Structures are given as C-alpha cells and as structure tokens.
Amino acid sequence: MDRRMMVAGNWKMYTTSGEGAVLVQDVARELEAVRGDVEVVVCPPFTGLKAVSTVIEYDRVPIALGAQDVFWELEGAFTGEVSPRMLADLGCSYVIVGHSERREHFAETDETVNRKVKAAFASGITPIVCVGEPLAVRESGETERFVRDQVMAGVAGLSAEDAARLVIAYEPIWAIGTGRTPTPESANDVARSIRATIGAMYGPPAAMQMRVLYGGSVKPENARHFFGEPDIDGALVGGASLAAESFVEIVKAAAR
Ligand code: 13P
C-alpha cells in the first residue's frame with residue numbers, strides 16, 4: 001500500500017500573520033530543491049491563516065493549509081470559537097484536533113475530540129488527530145492500551161471512507177519539546193497498533209489507507225529514522241517547523 005508521506009508543521013502559538021507569511025514563503029523557496037512526493041502542511045495560528053493562505057494561493061505553492069483547532073458547530077453564539085466552515089472558507093484542508101496541549105490546558109476530552117473530528121469531516125476538512133501517552137503511562141508499560149482507548153473514543157462513529165482519510169499523529173507527551181524521543185521501533189509499534197485499532201473499527205482497507213504520523217522532538221537529525229519505519233507515514237513537527245531550513249530538511253528526509 002502506497003501511502004503518501006506527510007510532513008506537517010504545527011506552529012503552535014508562534015508567528016504573527018506577517019511572520020507567518022514570511023515563513024511560508026521561505027519554506028516554499030526551500031521546497032523547490034526537494035525531489036520526491038511528500039505532502040507538506042503548515043498549521044499557523046488562526047490569526048495567520050488568511051495571510052498564509054494568500055501566499056499559498058498567489059504563489060501557487062504546493063503546501064496545504066491546516067488549523068490547530070476547530071469547534072464542532074458550523075455557526076452560532078459561541079464567543080471566541082472558530083467553525084469548520086470558516087476554516088474551509090480560508091482554504092484549510094487539514095485541522096489538528098486533540099493536541100495534548102489542548103487536552104492539558106483547555107480541557108479537551110476524547111468526547112470533544114470526537115465531535116470536532118466529525119465536524120471537520122462534515123465540512124470537507126481532514127482532521128489530524130493527536131494521541132499519545134504521558135510519561136507515567138509509558139513507564140508502566142501501558143502505552144498501547146492508553147493510545148488505543150484514545151483512538152477508539154476520538155474517531156468513533158465515522159464512515160469507512162472518512163476513516164480511510166484520517167491522519168492520526170502519535171505524539172508521546174514526554175517527547176514534545178523535550179529533545180527526548182522513543183526509539184523509531186517503539187514509535188512504530190504504537191503506529192502499528194493504531195492502524196490495527198482502525199482496522200478493527202473500520203476494516204482493513206481503511207487501516208491500510210489512513211496515515212499515522214510521529215510527533216515529538218522531530219529534527220533533521222532524527223527524522224529519517226522514523227520515516228524508515230513501515231507504519232510511520234510522516235511527522236507532525238513543532239519547534240523545527242518554525243525555521244524554513246530545518247522544516248524542509250525534514251521534508252527531504254521524507255522524500256527519500
Ligand atoms: P516539538 O517538535 O517541538 O517537540 O513539538 C511536537 C508537537 O507537539 C507537534 O504537534
């Protein structure tokens with residue numbers, strides 16, 4: 001099964017809209033040197049989506065746009081929220097859902113993740129669903145069970161067609177922004193188990209088509225080790241996505 005590799009940059013709460021426009025232009029320039037088929041996605045903060053999407057459209061850059069969160073209603077009296085319809089209107093084809101920082105600081109639960117996942121698909125936006133265990137779970141040897149529960153609850157109730165389009169990012173919480181990573185083999189074990197969970201829920205074709213990214217301290221130096229693993233289809237990159245050069249080095253590693 002040929003799954004297209006994906007490298008997505010999560011810019012988190014960095015970059016003004018002007019800084020984002022410059023960053024995406026820099027990424028686009030560096031991408032010209034990349035040979036090979038990799039889907040490149042950038043996920044600026046909400047306030048940067050318009051400026052970045054304008055650059056992508058105007059310069060006809062082969063970069064897809066993603067947001068970092070979304071609400072589950074299309075519109076309504078929900079002060080401060082942003083709907084999938086609004087993201088689609090700005091040209092977003094992806095949205096990160098359930099990042100551990102949102103689960104930790106903003107009371108995101110598997111249930112809200114599931115509502116957001118369904119809402120995103122309903123507006124034609126593909127969710128990049130984040131799962132991953134805290135350190136205590138890793139140390140107790142319960143990682144695969146913990147992640148399986150997150151997946152089963154977070155992506156419940158989809159059609160098999162939507163399940164096949166899913167992107168799930170496995171991001172161990174203890175690896176985010178720490179410089180620590182699991183071994184590529186152990187990250188692949190979790191990725192394989194995620195795929196098996198999707199297979200049990202939606203059947204083998206969906207499991208073979210859906211993509212699993214690894215995230216957590218992915219750098220140009222370690223990316224290719226993760227990309228060499230059979231069940232890892234790319235990366236969700238935080239810190240290293242904020243500089244065009246390091247981000248595109250990771251894209252190059254995925255293109256091999
Ligand atoms: P870092 O790459 O900075 O560890 O962040 C990973 C992440 O949280 C991406 O969503």
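The values are calculated or read from the model by the stated rules, or taken from the named source; none is laboratory data. Everything numeric in this text was worked out from a predicted model, so none of it was measured. A quick note on method: Cβ atoms are made from the backbone with ideal geometry, for glycine too, and the neighbour counts reach across all protein chains shown. Accessible surface is based on the protein model in full, side chains and every heavy atom, while ligands, DNA and RNA are left aside. Shrake-Rupley method; radii C 1.70, N 1.55, O 1.52, S 1.80 Å.
Key figures
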quantity	calculated
Helices (runs of 4 or more DSSP H) wholly inside segment 1-114 that include at least 3 residues being farther than 24 Å from residue 218 by Cβ and of a type in the set (A, V, I, L, M, F, W, C)	84-89
Test result for residue 153, within 27 Å of residue 105 (Cβ to Cβ), open to solvent by 30 Å² or more (accessible area, probe 1.4 Å) and in contact with an Asp or Glu (Cβ under 6 Å, 6 or more places away or on another chain)	yes
Failed item in (1) touching a helix residue (DSSP H, G or I) at 6+ places or on another chain (Cβ under 8 Å); (2) farther than 28 Å from residue 21 by Cα; (3) open to solvent by less than 60 Å² (accessible area, probe 1.4 Å), with residue 175 passing the rest	(1)
Residues located in segment 59-73, provided they are open to solvent by 40 Å² or more (accessible area, probe 1.4 Å), modelled with pLDDT of 95 or more and over 18 Å from residue 8 (Cα atoms)	72, 73
Residue in segment 89-98 that is open to solvent by 60 Å² or more (accessible area, probe 1.4 Å), over 14 Å from the mean Cα position of the chain (by Cα) and under 23 Å from residue 215 (Cβ atoms) present	no
Some residue of segment 237-253 being touching a Lys or Arg at 6+ places or on another chain (Cβ under 7 Å), more than 16 Å from the ligand (Cβ to nearest atom), assigned to a loop (DSSP other than H, G, I, E, B) and open to solvent by less than 30 Å² (accessible area, probe 1.4 Å)	no
Hits in segment 18-52 (condition: over 21 Å from residue 250 (Cβ atoms) and either in contact with a Lys or Arg (Cβ under 7 Å, 6 or more places away or on another chain) or open to solvent by less than 10 Å² (accessible area, probe 1.4 Å) (or both))	49
Residues that are in contact with a strand residue (DSSP E or B) (Cβ under 9 Å, 6 or more places away or on another chain), small (Gly, Ala, Ser) and either assigned to a loop (DSSP other than H, G, I, E, B) or more than 15 Å from the ligand (Cβ to nearest atom) (or both), drawn from segment 194-234	216
Residues that are open to solvent by less than 20 Å² (accessible area, probe 1.4 Å) and among the basic types (Lys, Arg), drawn from segment 192-228	195
Search result, residues across segment 41-69 that are in contact with a helix residue (DSSP H, G or I) (Cβ under 9 Å, 6 or more places away or on another chain) and under 20 Å from residue 215 (Cα atoms)	42, 43, 44, 45, 63, 64, 65, 66, 67, 68, 69
